[in-house]
Amino acid sequence: MTGVRRNSCDVAVIGAGMAGMAAALFAVERGLSCIQIGSGGGILFASGLLDLLAVHPVAERCLWQSPYTALDALAGEQPDHPLARVAPVSIRAAFESFVTALASAGLAYAPLGERNRSVLTSIGTVKTTYGVPVTMVAGADALDGRARCLLVDFRGLREFSAHQIAATLADRWPELRHQRIDFPGFETVPELYAVHLARALETVETRERTIALIRPLVGDARAVGLPAVLGLERSREVHAAFEAGLGVPVFEIPTMPTSVPGLRLLGALEAAVSSHGVRRRHQASVRALTYDGNMETATLDLEGVPGGERVTARAVVLATGRFSGRGLAADRGYVRESILGLPVHQPASREAWHKRDFLDPSGHAINRAGLRVDDAWRPLDTDGKPAWPRLFAVGSILAHQDWMRSKCGSGLAIATAWAAVEQVAHRLGATAAG
C-alpha cells in the first residue's frame, strides 16, 4: 500500500451502529484519541427509544416495570448474558453519559430513572422501553393514566393509522379518539412520506397552518398524539410550538422504519462523536487487520477511502454487529466472524440453529450466537485465550443474548461499550495520546 494515507490513534472502533457510536463517545470522553470506521445506516431503522431490559425470561415473555430489577433476575439466572456482566452502577453511568451527549447534539431525552415506560407504536401495540425522547414522553404519561386523548394522522401517510391504533386499544383505552386531516400544502399529493412532513414542519408557516387545523379538534382531550414528524434537526422547537399552540401536552408515536426518529438519532450521534473529536471514516471498511510483531499495536488497512488508508491503533474495539451489520456471516454449515475469523459460539450443527416452531417463544439458538469474551471484554481464540491483549468486542456481536426478544438492544450496546472502554482506558493508562 505504497503512498496510502497513514494515521494513528489510541483506539480504533470498527462499527458505527449504536455500540460503535457509544464506544467512540466513551473513548474520547476518557481522553483517548479515536478513529471510527463504518456506516451508521442501521440506526435509521431505530425507533428513537432506548431499551435497557424489558423481557425476562424470554420464553415466558415476562415484562418488567424496572429494568434494574430485571437485571438482578438476569444476573442470577443467566450470568453469561453480557448485560449480567456489567455492574448496574456502570449501566446507569453509561446511559447518563450517552443521553447527555445526545442532548448536547440537540436530541433531548426525558430524565432517566429506575422504571421502564410504556409507549404506543404505530400499529396500536404497547412497547416497554427505558429511554424516551422528550417529544414522545407525554404519550407514556397519557397511556399510564388512560387520559382522554386525541390521535391525529394525515391523509396519504402510509404505515400509520390513528384509526387502527384507537381500534386496537379500544378495550384498554376507551378515551382515545382519532381524526384524519390533510397536511397543509400536500393536499393533492396521494402518498406522503414522514421525512418530507418533518422538514415541512420546520417552517413556521406550515407549522402554524397544521396547528390551526388541529386546534378545533382537541375538545376535551388532555393530550394529542401525532406520528413522529415534528421536525428533523429542530424537533424540540417544533414540538414546543405544537404544545404551545394546542394548549395540551403533545406526543409523537414512532412510525415504521426507516423513521424520522431514526434519522434524528443518527444525526445526533454523528454530531456528538464529531464534536467530541472522533475522526470518522463513515464510508470505509476494514480490509485487513494485523497485529504488529511487538503486539503493542494493530494495523488496519481500510478500503472505501480515496487512495486507501492505513491506521495504527493501540487498541481495537469490534462493534460490527451480527448478521445485518455483517459482523457475523452465515455459510451453509456454520457462522463465522467476518474480519478476523474469530471463533463464534454457535450451535453444533446447522440443524440446531432453529426450533421447529418459527414462533417459539424461547427464540432460536442462532439468535444467541456470537463472540465469547473474557472478563475484560476481549474475544477469545480457539484456545480460550484473548485473541489479542487489546482487542475488545461490544454490542450485539457478543454471545449468549437475544437482544431482540429481550428488548435490550440499546442497553446491550451502551452498557458493554462503557465496560469495554473502561478496560481500554485501564490498559492504555496515562500514556493516552488524546
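With the cut-off at 1.5 for a/c, could you classify segment 267-316 from its C-alpha gyration tensor as rounded, prolate or oblate?
oblate
Only sites in a loop by DSSP and with at most 13 other Cβ atoms within 10 Å count here; which GluC sites (Glu not before Pro) in segment 111-211 make the cut?
Those satisfying the criteria are E114, E159, E187, E191.
What is the chain by shape, rounded, prolate or oblate, if you read a ≥ b ≥ c off the alpha carbon gyration tensor as root eigenvalues and call it rounded for a/c under 1.5, prolate for a/b larger than b/c, and oblate otherwise?
It comes out prolate by the Cα gyration axes.
Using only helices, what value at 222 nm comes out for the chain when you add -39,500 (n - 2.57) per DSSP H run of length 4 or more and divide by the total residues, to the nearest 500 deg cm²/dmol?
-9000 deg cm²/dmol
Once all Cα-Cα distances of segment 191-328 are split into 10 Å bins that start at 0, what whole-number percent is in each one?
10, 27, 23, 15, 14, 8, 2, 0
Need one word for segment 102-222: rounded, prolate or oblate. Basis is the Cα gyration tensor (sqrt eigenvalues a ≥ b ≥ c); a/c below 1.5 gives rounded, then a/b vs b/c decides.
oblate
Quick one: P(r) of segment 1-149 from all Cα-Cα pairs, 5 Å bins, percents rounded to integers, in order of increasing distance.
That works out to 2, 8, 14, 17, 18, 16, 11, 6, 3, 2, 1, 1, 0, 0, in percent per bin.
Rg/Rh for segment 285-434: what does it come to with C-alpha atoms and Rh from Kirkwood?
A ratio of 1.00.
Just so you know, all these numbers are worked out from the coordinates, no wet-lab data involved. Note that the coordinates shown come from a computational prediction; the quantities given were computed from them, not determined experimentally. Quick reminder, even Gly has a Cβ in these numbers, built from the backbone with ideal geometry, and neighbours come from all protein chains shown.
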